[in-house]
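The values are calculated or read from the model by the stated rules, or taken from the named source; none is laboratory data. Just so you know, these numbers come straight off a predicted model, no measurement behind them. Methodologically, a virtual Cβ is constructed for each residue, glycine included, from the backbone with ideal geometry; neighbour enumeration extends over all protein chains shown.
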Amino acid sequence: MKPVAFRYHAPDTVQAAVGLLEEAGFEGKVLAGGQSLVPMMNFRLARPGILVDIRKVRGLSGVRFESGYIVVGALTTHEDIFLHEELAHRLPVMRAAAALIGHWGIRVRGTIGGSVAHADPAAEWPAVMMALSASALVSGPAGEREVSMEELVAGPLTTTLEPADVVTALKIPAPTAGERTGIYEVARRPGDFALVGAVAKTKGDSVRLTWFGLGTVPQARESDSFGSLSEKAQAEQLSRWGEELEAESDLHASATWRKRVAAVVARRALSAAASDDAGLEAGERSGLHV
Ligand SMILES: Cc1cc2nc3c(=O)[nH]c(=O)nc-3n(C[C@H](O)[C@H](O)[C@H](O)COP(=O)(O)OP(=O)(O)OC[C@H]3O[C@@H](n4cnc5c(N)ncnc54)[C@H](O)[C@@H]3O)c2cc1C
């Protein structure tokens, strides 16, 4: 199918993009990599009358290392993130997560800002950003603001962004000494969205786990003493968390299955956090990275 007719703008500043979106109101949509929006338009699940393509806006892609923060431009593609050596060195989970997204053709076009704004419950970036306590830098008609991931993601494919808001970057607190992060997911085939996945962040005995692909939004649980528990007590804790998380059933898996697998992916995400590559190799070994 083809999309319904729409008008197309390609401004080169954020201010111009916000202005065009403000004029367009609920008719308008930002276009970034187009890897989620264009298929939805082709299926007529999205029918924007006005598209504001932000790919010509300068300064929205690339990674900056600032004092205490890592700032990833909204237009930075999944593949740019995968290939960024310094980012992989400082925060290996970024490379491991990028490797799990779709196929190469999707990774070279799809953007981190688009993924976060799209808020697919099975997407890696919203969960990774939440796990890293990142926030989105957002420009709108009233100026710029910073929105935490918890505030941003409101439901499946739903955010608290207003129609004229543009996500300009993701601001990630730089990891502190001893902090480790890893990711693991289960998917039906390489390149598919995760059926269930988890991001683990650990420091000393404390653990924070953020699951995706399970319920309608990423969900987190944490414990300050997890690392001091026996292996059996850790396994019991992971199963308890799996049980209490909200899970959805769909064509691919039941909520019961997802809850059970939540404990398994959490355990593997913890192993990924303990490894130097944050789970990249484990993802590749399981055939998820193509
Ligand atoms: C076959 C296939 C497999 C895929 N597999 C995965 C996967 O395994 N994991 C995964 O996470 N994703 C997957 N994706 C989705 C892919 O990662 C998309 O790139 C991503 O979800 C959206 O990014 P985009 O830049 O393409 O955004 P677009 O498609 O351009 O936009 C998506 C939505 O976000 C809005 N938007 C985009 N950028 C901004 C911005 N800067 N500010 C405000 N709003 C904005 C748009 O208006 C639109 O509503 C897959 C896609 C396909 C087609």
For this session: Would you mention how many residues in the range 121-140 are within 8 Å of the ligand (Cβ to nearest atom) and over 15 Å from residue 73 (Cα atoms)?
Result: 3
For this session: Could you tell me whether residue 78 is in contact with a Gly (Cβ under 8 Å, 6 or more places away or on another chain), within 11 Å of the ligand (Cβ to nearest atom), at pLDDT below 95 and of a type outside the set (Gly, Ala, Ser)?
Result: no
Problem set entry | Odd one out for residue 48 among (1) of a type outside the set (A, V, I, L, M); (2) within 19 Å of the chain's Cα centre (by Cα); (3) crowded, with 16+ Cβ neighbours inside 10 Å | (2)
For this session: Determine, yes or no, whether residue 222 is of a type in the set (Asp, Glu) and either in a helix (DSSP H, G or I) or closer than 30 Å to residue 22 by Cα (or both).
Result: no
Exercise. For the range 96-120, how many residues meet the condition of being more than 9 Å from the ligand (Cβ to nearest atom) and buried (at least 22 other Cβ atoms within 10 Å of the Cβ)?
Worked result: 3
Exercise. Looking at 178, 227, which one is at pLDDT 95 or above, assigned to a helix (DSSP H, G or I) and surrounded by fewer than 19 Cβ atoms within 10 Å (Cβ to Cβ)?
Worked result: 227
Seminar exercise, completed: If we keep only residues of the range 149-168 that are in a strand (DSSP E or B) and near the ligand (Cβ under 9 Å from one of its atoms), then the residue farthest from residue 113 (Cα to Cα) is 159
Problem set entry | Hits in the range 12-33 - residues which are part of a loop (DSSP other than H, G, I, E, B) and crowded, with 17+ Cβ neighbours inside 10 Å | 32, 33
Exercise. Does the range 141-152 hold any residues that are in contact with a strand residue (DSSP E or B) (Cβ under 6 Å, 6 or more places away or on another chain) and either hydrophobic (A, V, I, L, M, F, W, C) or exposed (fewer than 13 other Cβ atoms within 10 Å of the Cβ) (or both), and which are they?
Worked result: 145, 146, 147, 152
Problem set entry | Neighbours by Cβ (under 8 Å, 6+ apart or cross-chain): first from the range 15-33, acidic (Asp, Glu); second buried (at least 19 other Cβ atoms within 10 Å of the Cβ) | 22/164; 27/48
Seminar exercise, completed: Log entry, pairs with first residue in the range 97-112 being within 22 Å of residue 181 (Cα to Cα), second being among the β-branched types (Val, Ile, Thr) and within 6 Å of the ligand (Cβ to nearest atom), beta carbons closer than 7 Å, six or more apart or on different chains, reads 107/101
Exercise. Under the condition of being within 13 Å of residue 270 (Cβ to Cβ) and acidic (Asp, Glu), which residue from the range 175-222 is nearest to the ligand (Cβ to nearest atom)?
Worked result: 222
For this session: Considering each residue of the range 108-141, count those that are within 13 Å of the chain's Cα centre (by Cα) and over 19 Å from residue 215 (Cα atoms), and give that number.
Result: 10
Seminar exercise, completed: When every residue in the range 3-45 that is charged (D, E, K, R) and within 13 Å of the ligand (Cβ to nearest atom) is compared, the one farthest from the chain's Cα centre (by Cα) is 27
Exercise. Surrounded by fewer than 22 Cβ atoms within 10 Å (Cβ to Cβ), out of contact with any Asp or Glu (no Cβ under 8 Å at 6 or more places or on another chain) and either of a type in the set (A, V, I, L, M) or modelled with pLDDT of 95 or more (or both), is that true of residue 127?
Worked result: no
